[in-house]
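A.B. asks: What follows is a single structure, and I will ask about it in a moment.
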Amino acid sequence: MEQPVTTPPPPPLIPGMTGSQFDYDYHMVLANQLIGQTFHSLIMAAMIRADSQARLELARAFPEISADLRARGHLEMRDSMRIPAGAEKVAGYVTGSPDIIWTTSDWEKFARAGRVRIDQSPDGALYQNGHADVHDIERLAGTPEKFAGLAVRRHARGWPNCPYGSTVALQAAAAALDAIHYDNAPPGWWHGMDAWLANPDLSIAEADALVGKPYLGFILRAVQWATPRSNPNTGVIGGTLASLNLDLSVADSTWFPAPPVPPELGWL
């Protein structure tokens, strides 16, 4: 039997965070804490049994999630191999050291989640050949200039493109794309390309507001707002970002959506 829900005391105010940011982040932290401490099994049961009472209790327990991010079609995307099993969208690396690359079994853990494959290699070979969805152009990964060349090759095949990086990295990628005269295409031929922004200085509310908006010529499909360094004490199922080495992004639910849930399983 599930234990009664008890509301934990508010976490300490994070230095430099405004009151509105604190309230929004606290609600999300609280919801994640409740998922981990009380309703994790209920969520799984609701998905497996299509238990209408469980779904009703879940909706009542998490009004912030049900009525806020979900209503806007934005989901939290977690980027780590220590991701809670119920995540709705996940991102994993297909290149890197053995402890970073996701295995087939890692991906299979999230069969009902939207899945995003990231290539962080300097040459971007897997990204170029369609075996990755995003090219990481942060420091020690790919470069904006290399990404631009890869983007042209994928564009010629009719494949979408998406760089991941900071504002500085995306600015450099935009400049590199502008410098390429693709098949006599007019300037700005690449405008509207997807991008995933990394900016840990944002609150979750600020990140959410950017999703789906034009940015430096791109359209932001995801915005990373929390990392173990920027938000070490943010709570998620099973621990904190620091203890789980977990990043959090807000993502458009239509960007690499989860597969349809069979009618017999149902959901909220």
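The values are calculated or read from the model by the stated rules, or taken from the named source; none is laboratory data. Just so it is clear, the structure is predicted and the values come from calculations on it, not from any experiment. Quick reminder, even Gly has a Cβ in these numbers, built from the backbone with ideal geometry, and neighbours come from all protein chains shown.
A.B. asks: Out of curiosity, is Pro232 more than 14 Å from Val134 (Cβ to Cβ), more than 21 Å from the chain's Cα centre (by Cα) and part of a loop (DSSP other than H, G, I, E, B)? Even if it seems obvious, please write down each step before you answer.
C.D. replies: Values: more than 14 Å from Val134 (Cβ to Cβ): yes; more than 21 Å from the chain's Cα centre (by Cα): no; part of a loop (DSSP other than H, G, I, E, B): yes.
No; evaluated as a whole, the condition is false for this residue.
A.B. asks: Can I ask one more? Counting only residues that are on the phi > 0 side of the Ramachandran plot and part of a loop (DSSP other than H, G, I, E, B), which one in region 173-194 is modelled with the lowest pLDDT? Before the answer, list the steps.
C.D. replies: We begin by selecting, within region 173-194, every residue on the phi > 0 side of the Ramachandran plot; these are 183-184, 188, 192.
Filter once more, keeping what is part of a loop (DSSP other than H, G, I, E, B): 188, 192.
Values: Gly188: 91, Gly192: 97.
Out of the qualifying residues, it is Gly188.
A.B. asks: Among the residues of region 85-122, which ones are of a type outside the set (Lys, Arg) and in contact with a Leu (Cβ under 7 Å, 6 or more places away or on another chain)?
C.D. replies: Answer for region 85-122, where residues must be of a type outside the set (Lys, Arg) and in contact with a Leu (Cβ under 7 Å, 6 or more places away or on another chain): Glu88, Val94, Thr95, Asp119.
A.B. asks: Among the residues of region 200-224, how many are touching a Phe, Trp or Tyr at 6+ places or on another chain (Cβ under 8 Å), crowded, with 17+ Cβ neighbours inside 10 Å and closer than 21 Å to Pro144 by Cα?
C.D. replies: Adding up the residues that qualify gives 6.
A.B. asks: Also, I was wondering about something else. Which ones in region 241-252 are at pLDDT below 85 and surrounded by fewer than 22 Cβ atoms within 10 Å (Cβ to Cβ)?
C.D. replies: Leu244, Asn245, listed by residue number.
A.B. asks: Okay, next question. Exactly one condition in (1) surrounded by 16 or more Cβ atoms within 10 Å (Cβ to Cβ); (2) within 16 Å of Arg78 (Cβ to Cβ); (3) among the polar types (S, T, N, Q); (4) in contact (Cβ under 8 Å) with a residue 60 or more places away in the chain is not met by Thr227; state its number.
C.D. replies: Status for Thr227: all satisfied but (4).
A.B. asks: Which condition from (1) surrounded by fewer than 23 Cβ atoms within 10 Å (Cβ to Cβ); (2) of a type outside the set (Lys, Arg); (3) touching a helix residue (DSSP H, G or I) at 6+ places or on another chain (Cβ under 8 Å) is the one that Gly165 breaks?
C.D. replies: All conditions pass for Gly165, except number (1).
A.B. asks: Same structure again: Please state which one of Leu202, Leu197, Leu170, Leu220 is more than 13 Å from the chain's Cα centre (by Cα) and outside any loop (DSSP other than H, G, I, E, B). Walk me through how you get there before you give the answer.
C.D. replies: On the way: Leu202 fails: outside any loop (DSSP other than H, G, I, E, B); Leu197 fails: more than 13 Å from the chain's Cα centre (by Cα); Leu220 fails: more than 13 Å from the chain's Cα centre (by Cα).
The unique qualifying residue is Leu170.
A.B. asks: Within region 68-154, considering only strands (runs of 3 or more DSSP E) that don't extend past its boundaries, which have at least 3 residues that are surrounded by 15 or more Cβ atoms within 10 Å (Cβ to Cβ) and under 13 Å from the mean Cα position of the chain (by Cα)?
C.D. replies: Details: elements: 74-79, 89-93, 114-119, 134-136.
The strands (runs of 3 or more DSSP E) meeting that bar are 74-79, 89-93, 114-119.
A.B. asks: Here's another thing I want to ask about it. Do we find a residue being over 22 Å from Ala132 (Cα atoms), out of contact with any Ser or Thr (no Cβ under 8 Å at 6 or more places or on another chain) and of a type in the set (Ser, Thr, Tyr) anywhere in region 244-263?
C.D. replies: The answer is no; no qualifying residue exists.
A.B. asks: Please go through region 94-130 and give me each residue that is at pLDDT 95 or above and out of contact with any strand residue (DSSP E or B) (no Cβ under 7 Å at 6 or more places or on another chain), ordered by number.
C.D. replies: Ser121, Pro122, Asp123, Ala125, Gln128, Asn129, Gly130
A.B. asks: Please verify whether Val211 is in the same structural domain as Arg115 (by TED's automatic domain parsing), touching a residue at least 40 places away in the same chain (Cβ under 8 Å), within 30 Å of Ala156 (Cβ to Cβ) and in contact with a strand residue (DSSP E or B) (Cβ under 8 Å, 6 or more places away or on another chain), treating the condition exactly as stated. Write out each step before concluding.
C.D. replies: On the way: in the same structural domain as Arg115 (by TED's automatic domain parsing): yes; touching a residue at least 40 places away in the same chain (Cβ under 8 Å): yes; within 30 Å of Ala156 (Cβ to Cβ): yes; in contact with a strand residue (DSSP E or B) (Cβ under 8 Å, 6 or more places away or on another chain): yes.
Taking the combined requirement at face value, the residue satisfies it.
A.B. asks: When region 211-229 is examined, which residues are found to be of a type in the set (A, V, I, L, M) and closer than 17 Å to Val134 by Cβ?
C.D. replies: Hits for region 211-229 are Val211, Leu216, Ile219, Leu220, Ala222, Val223.
A.B. asks: Which of (1) crowded, with 17+ Cβ neighbours inside 10 Å; (2) over 21 Å from the mean Cα position of the chain (by Cα) is the odd one out, the single condition Ile180 does not satisfy?
C.D. replies: For Ile180, the exception is condition (1).
A.B. asks: Asp119 - would you say it is within 18 Å of Trp255 (Cα to Cα) and among the acidic types (Asp, Glu)? Don't jump to the end; show me each part of the working.
C.D. replies: Working: within 18 Å of Trp255 (Cα to Cα): yes; among the acidic types (Asp, Glu): yes.
For Asp119, the condition - within 18 Å of Trp255 (Cα to Cα) and among the acidic types (Asp, Glu) - is met.
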